[in-house]
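Beneath this line is the structure, given in structure tokens, with notes to follow.
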Amino acid sequence: MDDQLPSWITLSGFILPALILVLKEHPRDLATVSYLMVIAGLCLLGGLLFSAALIHWQPNIGQPLLGSALVLIGALLSLGLRTLWSRWLKVD
């Protein structure tokens with residue numbers, strides 16, 4: 001199980017934003033949930049880019065557990081940026 005831990009942490013970079021987005025949304029119809037899953041996937045992509053940028057700038061971060069933790073942190077940062085942006089634009 002220890003060798004799969006970085007993979008589960010990286011996967012949680014999709015699961016946590018998806019759960020947060022779905023739990024915050026009140027009318028949970030199929031179109032809204034599928035839209036939120038796409039947004040969660042984009043948050044995971046943002047987390048992967050965040051992790052890749054930090055690993056590129058600091059090459060000593062090459063440990064798998066630390067890299068996957070950076071993916072999770074980046075995904076949650078992407079979700080926070082998306083929330084701030086939607087509040088700034090006042091989009092429902």
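All of the numbers you see were taken from the coordinates with simple rules; none came from a lab. What you see is a predicted model, and the numbers here were worked out from it, not measured in a lab. Virtual Cβ from ideal backbone geometry, glycine too; neighbours counted across all protein chains shown.
One table, with the values for the structure above:
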| item | result |
| --- | --- |
| Structure-derived semi-axes √(5λ) of the Cα gyration tensor in Å: which label, when the choices are [x] 29, 19, 11; [y] 27, 16, 8; [z] 20, 13, 12 | [y] |
| Relative contact order [Cα under 8 Å, 6+ residues apart], segment 2-89, whole percent | 39 percent |
| Footprinting exposure proxy for 24, 90 (fewest neighbouring C-beta atoms within 10 Å first) | 90, 24 |
| Helix-only CD estimate at 222 nm, as mean residue ellipticity for the chain, using -39500 (n - 2.57) per DSSP H run (n ≥ 4) | -28500 deg cm²/dmol |
| Residues listed by number, segment 41-74, amide nitrogen under 13 Å from residue 5 label point at 7 Å toward C-beta | 64-69 |
